[in-house]
Amino acid sequence: MKSPYDVIKRPVITEQSMENVNDKVYVFEVAKDANKVEIRKAVEEIFGVKVAKVNTLNVLGKQKRMGVHTGYRANWKKAIVRLSEDSKTIELFEGMV
């Protein structure tokens, strides 16, 4: 069985993801093979909150060039997690808004 820390890799901290923090919507990079149920359980266990909804999407790596050499960034999976109305917020994101 996977650890919750194997499912949730890191929070995605961008301007667009920080706009929704007041609405209790958070964005995480997750393991590619993780499903919505595993993501929900991992967020609830790590942060002690109630999750209302989880949306996931696969992000394709961009093509990058360094001089004459070309390559691709790695593909990754993004999870958009909405907390329930009666849930507390995640403290990790509080000072960033």
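Here are a few things to note about the model shown:
- Yes/no for Val49 being of a type in the set (Val, Ile, Thr) and open to solvent by 100 Å² or more (accessible area, probe 1.4 Å): no
- Number of the condition not met by Val68 [criteria: (1) under 26 Å from Glu19 (Cβ atoms); (2) surrounded by fewer than 10 Cβ atoms within 10 Å (Cβ to Cβ)]: (1)
- If you go through region 74-89 and keep only what is of a type outside the set (S, T, N, Q) and more than 18 Å from Ser17 (Cβ to Cβ), you end up with Ala74, Glu85, Asp86, Lys88.
- Considering only residues in region 6-46 that are open to solvent by 70 Å² or more (accessible area, probe 1.4 Å) and among the aliphatic types (A, V, I, L, M), the one that is nearest to Asp86 (Cα to Cα) turns out to be Val37.
The values are calculated or read from the model by the stated rules, or taken from the named source; none is laboratory data. Remember, it's a predicted structure, so these values are computed and weren't measured experimentally. Cβ sites come from the backbone with ideal geometry, for glycine too, and all protein chains shown count toward neighbours. What goes into the accessible areas is simple: the full protein's heavy atoms, side chains included, and nothing from ligands, DNA or RNA. Shrake-Rupley method; radii C 1.70, N 1.55, O 1.52, S 1.80 Å.
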